[in-house]
Amino acid sequence: MATSIELSQGRSTLRYVRLMLLVVPLLLIVAIIIYGITNQRIEDSLSSYYLGPARDLFVAMLVTTGVLLVVYTGEELEDYALNLAGFYAMFVALVPTKLGETLAELGAGDQRRLVFSVQVSVIAILVVSAVFIWLGLRTSRAPHRALFHSTLTRVLGLLSTLLLIGFVLLLLWRTIEGKQFAGVHASAAVLLIFSMGIAIASHLDHKPLCGMDTSGGKKIHYAIILMLMLLGLISWPILLAADIQEALFIVEWFQIALFSYFWYLESRRLWNPA
């Protein structure tokens with residue numbers, strides 16, 4: 001049985017994991033503001049900063065966020081969805097957007113080096129992920145348990161798993177092909193948002209989605225976050241049609257703000273759990 005000191009330490013650790021999920025995006029926000037003021041321009045998407053002077057912070061923020069999402073433990077469906085979101089965040093960070101355009105501007109030697117670096121990153125993440133899954137199975141924290149709470153969790157869990165398999169197959173194909181990694185960055189970004197949506201939805205109604213009530217009396221807040229996430233995605237083509245060059249940048253930061261508010265709710269709900 002855990003001692004009161006161990007319980008206190010574990011509670012403090014989870015508190016700071018949630019707080020870090022709020023704080024980490026501030027790194028990139030501050031950097032973007034500084035670069036925006038200095039250069040008097042904003043890139044057309046958040047991921048475009050991968051190719052600029054904010055690359056290190058962009059990669060650091062997303063990799064750190066991905067690790068924190070995997071480390072964080074919630075209820076079964078939420079935990080599974082957050083593990084997937086953390087996995088996808090790694091590839092949003094490490095597989096550049098518009099890689100084909102970047103490669104076209106490089107010499108043959110630089111092209112090979114850049115592609116090889118992405119291949120190494122992809123293989124490393126896949127190997128570590130496989131080890132993580134194996135350890136989960138060995139310690140009886142197998143993520144597949146999240147699929148059997150109800151019919152709805154089975155459907156969402158199965159859909160998430162099938163999308164994961166499809167993404168890994170795309171990833172392996174592009175890695176072996178070794179050209180432009182077309183579709184990897186965009187797919188990872190969409191699946192990251194989809195997985196976070198499932199994690200947030202798990203707080204709406206504990207009967208079909210969760211074994212206990214995790215809404216903290218704020219179901220409406222989680223519902224509003226989900227609706228705004230959907231509206232943000234719908235607004236993207238509308239902003240593009242209005243010829244707003246920073247459309248994707250606006251939508252990405254809108255989604256990040258919603259994710260941050262979700263972690264604010266979780267921090268308040270679980271700061272002093274019973």
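Label-to-label distance for Val120 and Ala242 is 4.4 nm, based on points extended 7 Å past Cα in the beta-carbon direction. Taking the average, over residues, of other Cβ atoms within 10 Å as the packing measure, peptides 258-267, 81-90, 119-128, 103-112 rank 81-90, 258-267, 119-128, 103-112 from highest down. About its Cα centre, the chain has a charge dipole of approximately 600 debye under the convention of +1 per Lys or Arg Cβ and -1 per Asp or Glu Cβ, with nothing else charged. Ranked by the mean number of other Cβ atoms within 10 Å of their residues, highest first, the peptides 232-243, 56-67 fall in the order 56-67, 232-243. Probe radius 1.4 Å, ligands and nucleic acids ignored: give me the carbon and sulfur share of the accessible area of the chain as a rounded percent. Carbon and sulfur: 69 percent of the exposed surface of the chain. Take the Cα coordinates of the range 190-231, assign each an equal point scatterer, and use the Debye formula without solvent to give log10 I(q)/I(0) at q = 0.19 Å⁻¹. For the range 190-231 at q = 0.19 Å⁻¹, log10 I(q)/I(0) is -0.52. Candidate cross-link partners of Lys218 among the lysines, defined by an alpha-carbon separation under 20 Å and a same-chain spacing of 8 or more, comprise Lys207. Remark on the range 157-207: Rg and Dmax equal 13.8, 47 Å (Cα only).
Helices that extend 18 Å or more along their long axis by alpha-carbon positions and average at least 1.6 on the Kyte-Doolittle scale are, among the DSSP H runs of the chain, 55-71, 151-177, 184-201, 219-241. Per residue, the accessible area of the chain comes to 54 Å² when a 1.4 Å probe rolls over the protein heavy atoms. Label-to-label distance for Asp213 and Arg138 is 4.1 nm, based on points extended 7 Å past Cα in the beta-carbon direction. Between the range 179-239 and the range 101-122, the C-alpha centres lie 33 angstrom from each other. The simple spin-label model puts a point 7 Å past each Cα toward its Cβ; for Ile165 and Leu152 those points are separated by 2.5 nm.
The values are calculated or read from the model by the stated rules, or taken from the named source; none is laboratory data. Predicted, not measured: the structure shown is a model, and the values here were computed from it. As a convention, Cβ positions derive from the backbone with ideal geometry for all residues, glycine included, and neighbour counts pool all protein chains shown. Protein only, heavy atoms only, side chains kept; ligands, DNA and RNA dropped before computing areas. Shrake-Rupley method; radii C 1.70, N 1.55, O 1.52, S 1.80 Å.
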